[in-house]
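The structure appears below as structure tokens.
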Amino acid sequence: MSDASLLAIRDLHVTYATGDGPLPAVRGVDLTVERGQIVGVAGESGCGKSTLASTILRLQPSNATVSGTVLFDGRDVLTMRWGELRAVRWAGASIVFQGALHSLNPVHRIGDQISEPLRIHNPSLADRASRQRVGELLDQVGLDPQRARSYPHQLSGGQKQRVMIAMALACDPELVVADEPTTALDVMVQAQVLNVLSTLVRERGVGMMMISHDLSVLADLCDRITVMYAGRVVEEGPARRIFVEPLHPYSAALSAAFPRVGDPAARFAPSGLPGDPPQPWLLPGGCTFAPRCPRAAEVCLPAEPPLTSYGEERSAACVRIGEPDAPSVEPASGHVS
Amino acid sequence: MTDLAAPRLSARHLARQRRLASYRRTWRAFRRHRSGVAGLAILLVFVLVALAAPLLASSDGLDVTLANGPVLGAPSSHYWLGTDDNGRSVLTLLIWGSRISLLVGLSATVISMVIGTLMGLVSGYFGGWIGRITFRVTEWMLVIPFLPLAIGLATVLGPGLFNIIIVIGVTSWPSTALLIRSQTLSIKERAYVERAEAIGGGRWHQMGRHVLPNVMPMVFANTTLTVAGAILTETTLSFLGLGDPTRTSWGSMLDSAYQVGAITTGSWWFVIPPGICVVLVVLAFTLIGQALEEVLNPRLRARR
Amino acid sequence: MSLVADPGLVADSEEPGARSRGRGYGSYVVAKVLGSVGSLLFMLLVNFFLFRVLPGNAAQTLGRGRLNTPAQVAAFNKAYGLNHSVLDQFWIFLKSTAHGDLGLSVKYRLPVSQLIVDRLWPTLLLVGVSTILSTLIGVYLGIRGAWNRGSVFDKVSTGTSLTLYAMPEWWLGLMLIAGLGVGFAFVPGLFPTGGLHSPDIVDTNSVHGILDTIWHLTLPVITLTLAYLAEYSLIMRSSLLDELGEDYLQTARAKGLRDVVVRNRHAVRNALLPTTTVIALNIGFVVSGAITIETVFSIPGLGQLSTEAISTPDFAVLQGTFLVASAGVIGANLIANLIYGWLDPRVRT
Ligand SMILES: Nc1ncnc2c1ncn2[C@@H]1O[C@H](COP(=O)(O)OP(=O)(O)OP(=O)(O)O)[C@@H](O)[C@H]1O
Ligand SMILES: [Mg+2]
């Protein structure tokens with residue numbers, strides 16, 4: 001099945017070499033995106049979401065070592081030749097980067113930046129045709145085509161984000177990776193941008209991988225959701241079901257964390273979860289979530305639980321699913337509703 | 001009584017410990033810069049030589065009337081680095097010259113740092129016309145070419161050790177002032193200064209209590225770079241005949257070497273060693289300064 | 001036609017942030033020109049205080065060697081307006097400077113302005129050629145070093161630049177004179193050790209004469225190029241390193257651009273902008289180099305004129321060369337700033 005998938009990530013490991021030693025950011029992640037499907041990736045800050053996204057186009061920084069496979073249309077991105085890779089980049093899969101505010105070159109016109117990938121992937125494209133295409137793209141994301149002559153500093157945050165989306169759609173890619181396309185935007189603009197993105201993706205039937213802190217947003221937009229914790233997948237399944245009846249205690253905490261309007265900090269703190277996510281270079285033994293888990297027990301400590309299937313296309317990595325609530329090893333200070 | 005004193009003492013103790021810990025952290029990070037450590041090692045050698053000059057070579061060796069070596073004699077077993085046009089040992093001159101070069105470099109830097117820090121703090125911290133004027137003056141000073149100004153000032157003041165220190169000090173502060181200004185501006189935005197303002201501490205009090213301690217690390221890194229520049233300037237001014245004629249520095253050695261035609265006669269021992277000393281010391285300060293900057297400036301550090 | 005029928009989206013393009021936030025190039029130019037005028041006035045003030053007020057007795061400093069009798073002193077004071085208040089004196093100074101009257105040289109018994117005009121060309125030639133060469137080579141080295149950070153090339157180039165930067169440029173000149181001018185051991189001297197022309201050249205404008213001048217300028221130009229290059233390559237390297245951390249380069253790479261294109265079209269172009277301003281600020285440093293190099297290579301330019309004035313001391317000449325050097329630096333700075341503003345859309349629009 002994986003061969004027919006648009007994107008199939010298998011057993012992906014990414015480790016950064018840092019001054020303080022190796023830092024495992026992604027540890028054995030499996031993830032599949034089918035054509036026309038929207039897959040959400042959720043998790044707290046630092047759990048490796050952006051790292052995962054960057055490996056899809058082999059854009060990881062030079063201090064990263066990667067192992068595993070990233071099959072795009074059945075071909076492994078991590079081992080393909082440079083020429084082939086360049087062809088896949090943007091024409092096959094494009095990325096809306098996290099923090100789009102800095103992802104545009106400040107000294108080039110918006111229009112030139114959008115048409116740049118058009119020209120590389122289709123060198124015979126005439127000037128007029130490419131200008132027309134840029135106008136169409138801007139129009140589709142709700143911007144005046146005249147904006148093509150603007151520089152990034154002349155646009156608001158939401159407009160820049162929309163330019164990024166227009167750029168990502170420029171070459172009609174089969175896959176769009178959106179890495180928190182709406183952080184740093186206020187709630188109103190956030191909703192608009194998400195609306196634009198999901199509408200366009202649905203209309204064209206392209207696959208999308210959407211990264212967010214916010215499980216509620218993903219539950220609305222996506223078909224399936226992957227929840228990550230400390231570089232690993234802890235739960236995977238249909239979007240609504242993960243949100244409504246999560247299996248893993250971490251997903252439960254995320255789905256309980258309803259965003260409070262106007263307070264960006266509170267938005268991402270899973271309610272009732274004590275403590276911070278572990279430092280990637282100092283992972284606790286056993287289940288990495290156990291120190292913060294309200295349901296942690298003796299059985300969680302010996303080994304990291306594997307991702308286990310729980311019927312109808314759902315899987316989770318927790319040994320205590322289905323067990324009755326036993327007294328915790330450590331009394332947790334907060335509680336999940 | 002003891003109950004009251006104990007927490008105060010421990011609070012201060014804690015603060016001191018925290019500062020010590022941060023110094024230790026800085027030092028550990030600094031040690032990772034191989035070039036910075038090399039610079040420090042070179043500098044230590046020169047400082048030791050300067051301090052131990054009387055032990056290494058008698059100051060009689062500087063006296064022209066007591067000199068009895070050959071005129072511009074090549075290196076020999078007696079004169080390891082040969083002799084100058086007066087028959088003095090070049091090695092002795094070199095050792096004593098390190099004192100003047102380092103002294104002038106460091107003292108001029110102190111003056112430059114004091115002026116630069118003051119101007120930078122004032123122009124960054126105060127709004128209104130005081131801030132604006134000090135900033136403008138700094139900018140204007142920055143475009144005035146440094147050497148012509150220093151030459152003019154040195155000629156007007158006349159030669160002398162003290163004067164040359166003044167000249168370098170009062171002409172080299174603008175870049176420091178700009179750096180301190182930008183640091184002050186960014187620190188001013190931070191919460192604790194605002195809080196202090198809300199509580200109503202005086203402006204100078206706030207500056208001394210909150211802003212100055214925070215810009216100090218950058219001042220320190222900048223200092224080492226300024227010393228490098230000051231030593232270069234001292235050498236150049238002395239070479240142009242504006243140094244103290246009664247004292248030997250590396251610059252004045254090069255000046256007399258040039259005047260007596262050591263270049264054309266091939267008396268390399270009189271020209272190369274002082275130059276190499278200048279290069280080594282300036283390089284040492286530059287390397288230390290760069291390493292410190294990278295350690296203390298989080299933006300640069302993130303880049304590594 | 002818009003796919004999204006969301007009125008909020010379309011209305012959004014009218015929000016205040018959508019319009020240009022820049023002040024426009026025109027007001028940028030005005031601000032920069034006014035700033036330069038301010039610098040110019042400040043420089044004149046410094047000049048005035050330095051040579052007329054600070055020495056105490058201006059008649060002594062400005063007229064040293066010429067004024068022997070009290071009558072002469074009185075006449076001098078009158079001529080220079082030294083019997084007026086300081087403010088009036090400054091006004092007189094401004095007026096005469098504006099008229100190109102920079103006083104008389106004690107040493108040459110000639111108007112300083114004439115001396116400066118006579119000596120201007122060698123300096124411009126020397127500084128111009130070395131600046132162009134060093135900028136080109138320095139920027140190239142900086143780009144290569146930053147792009148291949150930590151490579152052997154980077155290490156060698158940075159190490160050399162730092163060493164050159166730590167070296168008094170005139171000492172480097174002396175070394176080159178000794179090595180390539182005088183010659184050592186059995187190596188003969190290849191270049192002249194100083195001057196601008198060989199004594200046997202009759203017509204300096206003939207082909208032979210021009211070649212001779214080029215031959216004379218080779219060593220000084222090499223020296224100055226090496227001295228400036230150090231600084232420029234270090235600046236270019238660090239500003240390109242700054243750019244390399246930026247997110248938009250990741251975008252460019254993701255688009256499928258070749259590395260060379262990412263480098264040249266995106267990173268280098270942006271890194272050149274801050275470099276322009278830093279290079280502008282370093283023009284003062286260029287002047288310093290010219291002064292000492294002309295002295296060492298006996299090139300009859302402005303630098304040599306001013307160092308020769310030190311021993312007399314010929315204050316009128318020092319004042320004049322200081323004035324010209326400062327005005328030149330301020331002017332060059334203005335030009336660089338205007339170019340910068342024109343290249344950077346964040347300023348231009
Ligand atoms: N270039 C790098 N070098 C070293 N460590 C890195 C690098 N990039 C990321 N990391 C580390 O890898 C871990 C995962 O980072 P990543 O950016 O993938 O997290 P994320 O899930 O996207 O977080 P956020 O939600 O804040 O964007 C973090 O601990 C981060 O500090
Ligand atoms: Mg991220």
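The values are calculated or read from the model by the stated rules, or taken from the named source; none is laboratory data. Keep in mind that this is a model prediction, so the values were computed, not measured. So basically every Cβ, Gly included, is an ideal-geometry build from the backbone, and we count neighbours across all protein chains shown. Ligands, DNA and RNA are excluded from the accessible area calculation, which covers all protein heavy atoms including side chains. Shrake-Rupley method; radii C 1.70, N 1.55, O 1.52, S 1.80 Å.
Computed in the context of the full set of protein chains, the accessible area of chain C at 1.4 Å probe radius has 67% of its extent on carbon or sulfur. A simple spin-label model places the labels of C:Asp203 and B:Val37 6.7 nm from each other, with each point 7 Å out along Cα-to-Cβ. Taking both sides together, the accessible area buried where B meets C is about 3800 Å² for a 1.4 Å probe. Springs between Cα atoms under 10 Å define the GNM used for chain C, and in it the highest mean-square fluctuation of C:Ser233, C:Ser27, C:Ser298 occurs at C:Ser27. With all projection directions averaged, the alpha carbon convex hull of chain B covers 21.4 nm².
Magnitude of the charge dipole for the protein assembly as shown, about its Cα centre and with charges confined to Cβ atoms of Lys, Arg (+1) and Asp, Glu (-1), is about 1200 debye.
The mean number of Cβ atoms from other chains found within 10 Å of a Cβ in peptide A:157-166 is 2, as a whole number. Within the protein assembly as shown, the cysteines lacking any other cysteine Cβ closer than 4.7 Å to their own Cβ are A:Cys47, A:Cys171, A:Cys222, A:Cys293, A:Cys318, B:Cys277. Largest GNM mean-square fluctuation among A:Leu273, A:Leu221, A:Leu125, using chain A with Cα springs under 10 Å: A:Leu125.
Does segment A:103-170 classify as rounded, prolate or oblate by the C-alpha gyration tensor (a ≥ b ≥ c root eigenvalues; a/c under 1.5 gives rounded; else a/b over b/c gives prolate, otherwise oblate)? It is prolate, given that a/c is not under 1.5 and a/b is the larger ratio. Projecting the Cα positions of C:Tyr340, A:Tyr310, A:Ala256 onto the charge dipole of the protein assembly as shown (unit charges on Cβ atoms of Lys, Arg, Asp and Glu, taken about the Cα centre) puts C:Tyr340 furthest along the positive direction.
Let me make sure I get this right: for segment C:259-329, a, b and c are the square roots of the gyration tensor eigenvalues over alpha carbons, sorted descending. Under 1.5 in a/c it's rounded, otherwise prolate if a/b > b/c, else oblate. Which is it? Judged from the Cα gyration tensor, segment C:259-329 comes out prolate (a/c at least 1.5, a/b above b/c). Shape class for chain C, computed from the alpha carbon gyration tensor (a ≥ b ≥ c): oblate, with a/c not under 1.5 and a/b at or below b/c. Over all projection directions, the Cα-based convex hull of segment C:181-337 averages an area of 14.7 nm². Taking the 1.4 Å solvent-accessible surface of segment A:103-170 as the whole, the part contributed by carbon and sulfur is 45%. Across chain A, Cα pairs under 8 Å and at least six residues apart give a relative contact order of 19 percent.
Note on chain C: helix-only mean residue ellipticity at 222 nm, from DSSP H runs of 4+ residues weighted -39500 (n - 2.57) and normalised by residue number, equals -22000 deg cm²/dmol.
Note: relative contact order over chain C, using C-alpha pairs below 8 Å and six or more positions apart, is 26 percent. Counting only protein heavy atoms and a 1.4 Å probe, chain C has 45 square angstrom of accessible area per residue. Amide H contacts of A:Val234: A:Val227, A:Met228, A:Tyr229, each under 5 Å away and 5 or more positions distant or on a separate chain (H built 1.01 Å from N in the peptide plane; Pro and chain starts excluded). Given +1 at the Cβ of Lys and Arg, -1 at the Cβ of Asp and Glu and no other charges, the dipole of chain C around its Cα centre is 280 debye to the nearest 20. At 1.4 Å probe size, with the rest of the protein present, what percent of the exposed accessible area of segment B:77-276 is carbon and sulfur atoms? After summing per-atom areas, the C and S share lands at 65 percent. Computed over protein heavy atoms with a 1.4 Å probe, the accessible surface of chain A works out to 41 Å² per residue.
In this assembly, the A-C interface accounts for approximately 3500 Å² of buried accessible surface in total, computed with a 1.4 Å probe and without ligands, DNA or RNA. Between segment B:42-68 and segment A:101-125, how far is it from one alpha carbon centroid to the other, in angstrom? That distance is 66 Å. Contact residues in segment C:254-287 by the 30 Å² criterion (accessible area, 1.4 Å probe, full protein complex versus chain alone): C:Ala254, C:Lys255, C:Gly256, C:Leu257, C:Arg258, C:Arg265, C:His266, C:Arg269, C:Asn270, C:Leu281.
Accessible area per residue for segment B:77-276, computed on protein heavy atoms with a 1.4 Å probe, is 39 Å². Within the listed set B:Ile42, B:Ile288, B:Ile133, the Gaussian network model of chain B (springs between alpha-carbon atoms below 10 Å) gives the highest mean-square fluctuation for B:Ile133.
For segment A:107-143, state which residues have at least 20 Å² less accessible area in the presence of all protein chains than in their chain by itself, taking the probe as 1.4 Å and leaving out ligands, DNA and RNA. Listed by number, the residues meeting the 20 Å² cut-off are A:Val107, A:His108, A:Glu116, A:Ile120, A:Asp139, A:Gln140, A:Gly142.
Magnitude of the charge dipole for chain B, about its Cα centre and with charges confined to Cβ atoms of Lys, Arg (+1) and Asp, Glu (-1), is about 2000 debye. Karplus-derived 3J(HN,Hα) values for segment A:118-128, using 6.51 cos²θ - 1.76 cosθ + 1.60 with θ = phi - 60°, are 4, 5, 5, 7, 8, x, 7, 4, 6, 4, 5 Hz; glycine and proline are entered as x. For segment A:37-146, applying the loop criterion from DSSP together with a ceiling of 11 other beta carbons within 10 Å to the trypsin sites (Lys or Arg not before Pro) yields A:Arg81.
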